[in-house]
Each structure stands twice: as structure tokens, then as C-alpha cells.
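The values are calculated or read from the model by the stated rules, or taken from the named source; none is laboratory data. Because the structure is predicted, anything quoted here is derived from the model rather than measured. In this analysis, Cβ positions are derived from the backbone assuming ideal geometry, glycine residues included, and neighbour counts consider all displayed protein chains. Note: accessible area is taken over every heavy atom of the protein model, side chains too, but ligands, DNA and RNA are not part of it. Shrake-Rupley method; radii C 1.70, N 1.55, O 1.52, S 1.80 Å.
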Amino acid sequence: MTKNRYYYIDFLRVIAILMMFIFHVNMIFVAENSWHIKDVSSSNVLMELNYWMSSFRMPLLFLVSGFVSAILLEKMSQRQFFYQRFKRLIIPTVIWTFLLVAPQIYFERKLQGVDFNYLEFYQTFLKFRWYPEGNFHWLHLWFIPYLFFYNILSIPLSSYLSKKNIKNSLELFLNKDYSIIPIIILAIIPYTLLATRFETTHDLINDWARHSFFIFFVFIGVLMYQFPIILEQIERKRRFYLRTAFLLIIFINIIRWNGWEPFDLWNNWITKPQTYIFIALINLNAWAWVLASLGYGKKYLNKKSNLLAYCNQAVYPFYILHQTIIVVIGFYVVQTPDNTAFKYVFLLLICFSICVLIYHLFIRPNNIMRFLFGMKKTKKTGYNNGYK
């Protein structure tokens, strides 16, 4: 198989990161959900848009990562893969947690009315007391160490799936339309059982419910690379997955909008079977949107382009940068008396432009900066799909 087949994977990764950028700008204005910087005005419409995006943007990124990790493991030894993942994921996490995450918490505390300068704040950051009680966290960078952890766990899975007898046995099972569905049904069971028992922490160590949710997207991404027939089936049945995703999000929202969620109806909701059915539906909804995205992406986005090549390299530094830019600019914007719609459009355009310009002017042409942002050394020619 050649890498030229996978342009749609690059497109989906870029789209997911752009959705994340819009999601985080929206968070300044959405109703109900707390965030680092909040405007005095709030929007239920943006809240619903965020709810829809949050149902599948991270799962899509994790599945794409699993797919790419399987490509890398085919090209590298396991030791080389570990080193490459460590250099690309862990080193930037450590560096930018101290340089880019700290300012987010500082400006949040400033907006809350805490009166201290940045040096005084940073001394509290270095006490390593976990946010929100303390001032230390990796905030949006949580995704990167999680990704490293799941990628390393993908090594034995990829090796196992590569065995000839296993491959032959699985091909017999997978050589049918909708063969991925029973695998997904099995994958949603752990999160359905753990979600009520473990809160989301984003601390890597205690986040058992979220691990049980995200890790299966990575593993099934590995499975999809090893067995391309799955993606061919998803492409053929893309309308089925889109219809399913559409009906599920409508059904879930009917429950939400009418206050029929289990924890709204019963004090002892954790004992009710309806709770676990609702959690399973939310999980299934995420899978449906991811599969629909893959199906339509493979059908319509599998095309090489110079813009895609540029965006595919830019997307990781853009991800690292974007939330800090949004929080810092947002800190000043929310304190102005301007119209809320104007603030929103201003933040979308200015924050996006600043992220792109920082990447283009300071990161892209400089190999030291490229290393610090987890990129490979610059290449003058050729399409770089990031699978090395």
C-alpha cells in the first residue's frame, strides 16, 4: 500500500483541529459550560454547536492517530517508533506546558480578580498543585500524552494483527458489510460501565473512564489500517452511518432539551439501567459520526493538494498554540463593551490569523522551532504526509 491513498486521513485530521479551534473560541460565549475566559453574554446556539462537535472531534483525532501509528510501525522498528513518538509528543508537552499553558491559567486567575504579577503567579504554578484547586495543569495539551500512551499500547496490537494466521482469520470475519459494528458494540461496553464511576480528570493517571472511551478509537484505527476492507465497506455504507449519526444526535437532544437525562430524573440515577443505555447511546453517537466522516472523507477528500500539504504540517503546531492565543486575546476582548457578535467574529479571525502567522513566520522555517513543536526538519520539496 502506498501513502498516496491516505490524503483523506490528513484532511480529516486538519478538519478535526479546525473544529477544535472553533470549539474553544465558542467556549468563551457558550451558556452553562465553564471555561478559562467567559464573556458576560452567553449563547445556547453555540453551546449546541459545541455539544455536537465535542461528541466526535476528539474520537476522530484518536482514530486517525491509531491509523497513522500503524503506518509508522510498518516503516519503523518498535524502538524507532517509541523514540519518534517520544520526541514528537512528550518533549513538546513538557516544554509548552511551562511556556504556553501557564499564561492561560494566569489570565484566568486575573479575570477572576486575583491580584498578582506573572512572576508571583509562576511561583504558584511551580508548586505543581493540580488545577483548578492549584495552578498547575497541561490544559489542552492533555491530548498529547494520552496519544503517546495509546500509541505505545498500539505496538503489541499492531504486531499481533500482523501475524499471518490472525490476519487470515480476521479477514474471514471482516469480509462482510457492517462487520465493524459488533466490534464497536464491544468497544462501547467498558466506557458505559466506567463513566458513572470515574470522573474526567485529564491527568492521565486517574482518568479511567475517558481512557476506556478514547483508547478503542486508537485501536480500531490500527485495525482499519491493517484491514483496508473495513474502510472500503465504510465508504460504501457511508449514508447508513450518516443517517444513524443524524438520528442519534436528534434523539439524544430530545432527551437533553426536555430534561429527561437520567441524572435529571432520579436521585439514584447511578442504579438505573436507563443511565447506562443513555451513556451507550452517547458513545454510539460518537462512533456513528466518526464512521460517517471516514466514509465521506474517503469518497470525496482523497486528493493530493499543496494546501493540504501545508495544513498537514501546520496542524500540530497550530494545535499547541491555539488555546493560549484564544485565552490571552479573549481576556482583553471580553472586558470590552462591544457587541457580542463582533467579539465572536473578531476572536475567530484574529486568533486564527495569529496562530497561522506564528507558524508560518517563526516555526515553519526554523528547524529548532520545528523540533520544539514536534515537527521533522524542513524539506524543500515534495508532499509531506507526516507518516515518517
>> Can you pull out every residue in region 105-137 that is free of Cβ contacts under 8 Å to residues at least 24 places away in the same chain, part of a helix (DSSP H, G or I) and open to solvent by 60 Å² or more (accessible area, probe 1.4 Å)?
In response: 118, 119, 120, 123
> Checking residue 282 against (1) free of Cβ contacts under 8 Å to residues at least 60 places away in the same chain; (2) surrounded by 15 or more Cβ atoms within 10 Å (Cβ to Cβ); (3) not hydroxyl-bearing (Ser, Thr, Tyr), which single condition isn't satisfied?
Replying inline: (1)
> From the list 91, 37, 95, 71, which residue is surrounded by 18 or more Cβ atoms within 10 Å (Cβ to Cβ) and assigned to a helix (DSSP H, G or I)?
Replying inline: 71
>> Can you tell me which condition residue 302 does not meet? The list is (1) surrounded by fewer than 18 Cβ atoms within 10 Å (Cβ to Cβ); (2) assigned to a helix (DSSP H, G or I), and all the others hold.
In response: (2)
> Which condition number in (1) loosely packed, with under 14 Cβ neighbours inside 10 Å; (2) of a type outside the set (D, E, K, R); (3) closer than 27 Å to residue 275 by Cα is the one that residue 166 fails?
Replying inline: (3)
>> Any residue that is surrounded by 13 or more Cβ atoms within 10 Å (Cβ to Cβ), on the phi < 0 side of the Ramachandran plot, in contact with an Asp or Glu (Cβ under 8 Å, 6 or more places away or on another chain) and in contact (Cβ under 8 Å) with a residue 60 or more places away in the chain - is there at least one of those in region 235-242?
In response: yes
>> Would you confirm, using the coordinates I've provided, whether residue 274 is of a type in the set (S, T, N, Q) and surrounded by fewer than 20 Cβ atoms within 10 Å (Cβ to Cβ)?
In response: yes
